[in-house]
Amino acid sequence: MDIPPQPAYPEPLDAIVLAGTDTNPRRMVEGQNKAFLNLGGEALVNRVVRTLLEAATIGNIYVVGPAKRLQAALAGLSPDIHIVEQSGGLMSNAWAAIRVSEARFRERSGGDDPLRPLLFISSDLPLISASAVDDFVLRCAHEDSVSDVKYAMLAGVAEESSLRQFYAEDDQEGIHRPYVNFSDCRLRLANIYVGRPRALSNQAFLETGFAHRKAEKLKNVMSLIWKFLGQSGGWRAAWFTFRLQLTLAASKKKGRLYRWLRSFNKTTDAERSCGDVLGGAVRIVITPYGGLSLDVDNDEDYQVLSKRFDDWRRLGPVEPPV
């Protein structure tokens, strides 16, 4: 999709950077919080924040995590950076930063705006670039401008074509992760969103969704399906999630069953199902910058990204096939 230079959002977006926690060993890589891993000569959180400072579509930046370590890591970068102390899990931390952003907006404008969009991004994206951030925000602004409703969540995804360049080749290591198989494309979540969290009537379910977002793990899928069934309208989301998991299992052989299952999987159904359980309009936004989907999930990812960083950082966007 070609995005025209306008429309854009009326003003640069506040960005919420989720810099993890020092207290959850299951979220550690190489024995420490991923935000502080060194890659390309700097901590990952520094690279993400520095890139956001370069992006034209981003204004104030709120980094939430272990405050003392973040203050030391980000000291002297910019007065537009605000450190927020971690308060618990992923969504608790996000809301701590959202409330600080809202308070500062109230001071500037003298009022509240519950539909003010915010950018949400993880702190462990070594292949991030200012052009990738600006491109994504403009795509989200475009989707908002042509919709009758303001989306509560615009979720970034990468299409297979933009991720092939990170596969293993010849004697070089690579990263190849499972996709969600839709009828006309194969997608993987990126780690970037534009959201209006106050527009979600079931904000509590976000914690559940993010906790089980690694959908290739069967136990996560079954747990998510069970929790969907306890939500109003969740039966549709439960069935759709189960069908996607069946399609993923069938994709290993790429046979007739896989093609048949995949033909029923529509991105519009995914948007509607997510919207049902979250209580707000959801839109999937494809970014041509596949690097926004390559976070540091584990020790192996970190080693591969460290080895291939100089090659991969030079790669540009790849638009999905028409």
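One line per residue, one yes/no per condition, for (1) of a type outside the set (Phe, Trp, Tyr); (2) closer than 30 Å to Ser145 by Cβ; (3) at pLDDT 95 or above; (4) touching an Asp or Glu at 6+ places or on another chain (Cβ under 7 Å):
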position: Met1; (1), (2), (3), (4): yes, yes, no, no
position: Leu13; (1), (2), (3), (4): yes, yes, yes, no
position: Thr21; (1), (2), (3), (4): yes, no, no, no
position: Met28; (1), (2), (3), (4): yes, no, no, no
position: Lys34; (1), (2), (3), (4): yes, no, no, yes
position: Asn60; (1), (2), (3), (4): yes, yes, yes, yes
position: Val84; (1), (2), (3), (4): yes, no, yes, no
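Does any residue of segment 117-127 turn out to be among the aliphatic types (A, V, I, L, M), at pLDDT below 95 and assigned to a loop (DSSP other than H, G, I, E, B)?
No: segment 117-127 contains no residue that is among the aliphatic types (A, V, I, L, M), at pLDDT below 95 and assigned to a loop (DSSP other than H, G, I, E, B).
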Within segment 275-322, the residues that are under 25 Å from Ala19 (Cα atoms), at pLDDT below 90 and buried (at least 17 other Cβ atoms within 10 Å of the Cβ) are Leu278
Picked from segment 46-88 (must be without any contact (Cβ under 8 Å) to a residue 12 or more places away in the chain and of a type outside the set (Gly, Ala, Ser)), the residue surrounded by the most Cβ atoms within 10 Å (Cβ to Cβ) is Lys68
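Kindly indicate whether any position in segment 252-259 is under 21 Å from Leu154 (Cα atoms) and surrounded by 18 or more Cβ atoms within 10 Å (Cβ to Cβ).
No; the residues of segment 252-259 include none that is under 21 Å from Leu154 (Cα atoms) and surrounded by 18 or more Cβ atoms within 10 Å (Cβ to Cβ).
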For Val133, the lone unmet condition from (1) of a type in the set (A, V, I, L, M, F, W, C); (2) at pLDDT 95 or above; (3) under 24 Å from Asn265 (Cβ atoms) is (3)
Note on segment 262-282: residues in contact (Cβ under 8 Å) with a residue 40 or more places away in the chain and more than 15 Å from Cys185 (Cβ to Cβ) are Cys274, Gly275, Asp276, Val277, Leu278, Gly279, Gly280, Ala281, Val282
Across (1) small (Gly, Ala, Ser); (2) at pLDDT 75 or above; (3) closer than 29 Å to Asp299 by Cα, Gly209 clears everything bar (2)
| field | Hey, Asn38 crowded, with 20+ Cβ neighbours inside 10 Å, without any contact (Cβ under 8 Å) to a residue 40 or more places away in the chain and either under 30 Å from Gly174 (Cβ atoms) or of a type in the set (S, T, N, Q) (or both) or not | value | no
*asked:* On the basis of being hydrophobic (A, V, I, L, M, F, W, C), over 16 Å from Asp297 (Cβ atoms), at pLDDT 95 or above and not in a strand (DSSP E or B), does Ala155 make the cut?
replied: no
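The values are calculated or read from the model by the stated rules, or taken from the named source; none is laboratory data. If you're wondering where the values come from, they're calculated on a predicted model, not measured in any experiment. In this analysis, Cβ positions are derived from the backbone assuming ideal geometry, glycine residues included, and neighbour counts consider all displayed protein chains.
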